[in-house]
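Here's the structure we're looking at; comments come further down.
The values are calculated or read from the model by the stated rules, or taken from the named source; none is laboratory data. Predicted model only: the values in this text are computed from it and were never measured. Cβ placement follows ideal geometry from the backbone for every residue including glycine, while neighbour counts extend to all protein chains displayed. Calculation scope for accessible area: heavy atoms of the full protein, side chains included, ligands and nucleic acids excluded. Shrake-Rupley method; radii C 1.70, N 1.55, O 1.52, S 1.80 Å.
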Amino acid sequence: MVGNSLKRRGLMFVLSSPSGAGKTTIAHRLLQEDMEIAMSISVTTRPIRPGESDGLDYRFTDRAEFAAMIERDEFLEWAEVFGHFYGTPKAQIRAGLKEGQDFLFDIDWQGTQQLYQRMETDVVRVFLLPPSIEALEERLRHRGTDSDEVIHSRMDRARFEISHWDGYDYVVINDDIEACFEQVHGILCAERLRRARQTGLVDFTRDLMR
Ligand code: 5GP
């Protein structure tokens, strides 16, 4: 629902950012405070970590099954990240969208591009930027006990990710987490109101004009 009871098609909400720009915090709040969006559960070949559960964090599988899923064209997109495979399964997303379920995606720009090529109008791409490169470095340093070398390679990676800013529909600068959340949530709410997604409008307006 979008503040009304009209039937609508769900959307695929992609939130990307260089690491340290606040994506995880914003994603958690969206999932907590908005009842109509759920995390898209990816399939992965990486080993399960302590605290994770199969079917909740990921669907864990082996390489042979993942390869078979690629062969059967069961992914909307997939990628190899740090030696493991990750993919977005088609079936659950397609069924959910039809029912008006929105999905949140935590994927990089390459995955985003693949998703967009396949699902175009269902995809809303949001990119978060840090207020400055110094602020980003500060946030990465505050995270833990990483060595200077690790921080440097993370900063290089962050610059590379930032260079893809123009592949997104919306760009939000995360200067203040509260304001950033309001803006991201505002984008989600506005996108739900797009005429093409409100599939119940035909009947509704017909009734209004009767
Ligand atoms: P982790 O193993 O730490 O959970 O995730 C490692 C990376 O894989 C993250 O950068 C995450 O964005 C990416 N990832 C997770 N699921 C998918 C997916 O379904 N597709 C793509 N392209 N990347 C994914």
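Remarks
- 5 angstrom amide H check on F85, placed H, neighbours 5+ away: T45, R46
- For K7, the lysines whose Cα falls under 19 Å of its own Cα, not counting residues fewer than eight places away in the same chain, are K98.
- Options A179, A27, M12, ranked by Cα towards positive dipole end of the chain, top entry (Cβ charges): M12
- Summarising the amide proton neighbourhood of Y58: residues at separation of 5 or more, or on other chains, whose placed amide H is nearer than 5 Å comprise S53.
- Cα→Cβ-extended label distance, 7 Å offset, between F160 and M39, nm: 2.5
- The chain, relative contact order in percent, only Cα pairs under 8 angstrom and at least six apart counted: 34
- Gyration tensor (alpha-carbon) shape descriptor, the range 98-144, a/c threshold 1.5: prolate
- Its Cα centre serving as origin, the range 49-118 has a Cβ charge dipole (Lys and Arg +1, Asp and Glu -1) of approximately 200 debye.
- Reported value for the range 101-201: 119 Å³ per residue, from the convex hull of its C-alpha atoms.
- The charge dipole of the range 33-170, taken about its Cα centre with unit charges on the Cβ atoms of Lys, Arg (+1), Asp and Glu (-1) only, comes to about 240 debye.
- Scalar couplings 3J(HN,Hα) for the range 14-28, obtained by applying the Karplus form with A = 6.51, B = -1.76, C = 1.60 to θ = phi - 60°, are 9, 10, 10, 5, x, 5, x, 9, x, 4, 4, 4, 5, 4, 4 Hz; x denotes Gly and Pro.
- Treating r as the C-beta distance of T24 and K98 and R0 as 22 Å, the FRET efficiency rounds to 0.15.
- The charge dipole of the range 103-145, taken about its Cα centre with unit charges on the Cβ atoms of Lys, Arg (+1), Asp and Glu (-1) only, comes to about 80 debye.
- HN-Hα J in Hz across the range 159-176 - Karplus 6.51, -1.76, 1.60, θ = phi - 60°, x for Gly and Pro: 4, 5, 5, 4, 5, 9, 4, 7, x, 10, 7, 10, 10, 10, 8, 8, 8, 9
- Anisotropy class of the range 38-103 from Cα gyration tensor, a/c 1.5 cut: oblate
- Mean residue ellipticity at 222 nm, helices only, the chain: -13000 deg cm²/dmol; runs of at least 4 DSSP H residues each add -39,500 (n - 2.57), and the sum is divided by the number of residues.
- Global form of the chain, assessed from the alpha-carbon gyration tensor, a/c cut-off 1.5: oblate
- Across L193, L97, the residue with the most accessible area heads the list, and the full order at a 1.4 Å probe is L193, L97.
- Loop-located trypsin sites (Lys or Arg not before Pro) in the range 33-116, at most 14 other Cβ atoms within 10 Å (DSSP): R72
- A 1.4 Å probe, protein heavy atoms only, puts the accessible area of F103 near 20 Å².
- Evaluating 6.51 cos²θ - 1.76 cosθ + 1.60 at θ = phi - 60° for every residue in the range 93-109, the Karplus couplings come out as 5, 4, 5, x, 4, 4, 8, x, 7, 9, 10, 9, 10, 10, 9, 7, 5 Hz, glycine and proline recorded as x.
- Taking amide H atoms as placed 1.01 Å from N in the peptide plane, the amide H of E77 lies under 5 Å from those of T88, each 5 or more residues away in sequence or on another chain.
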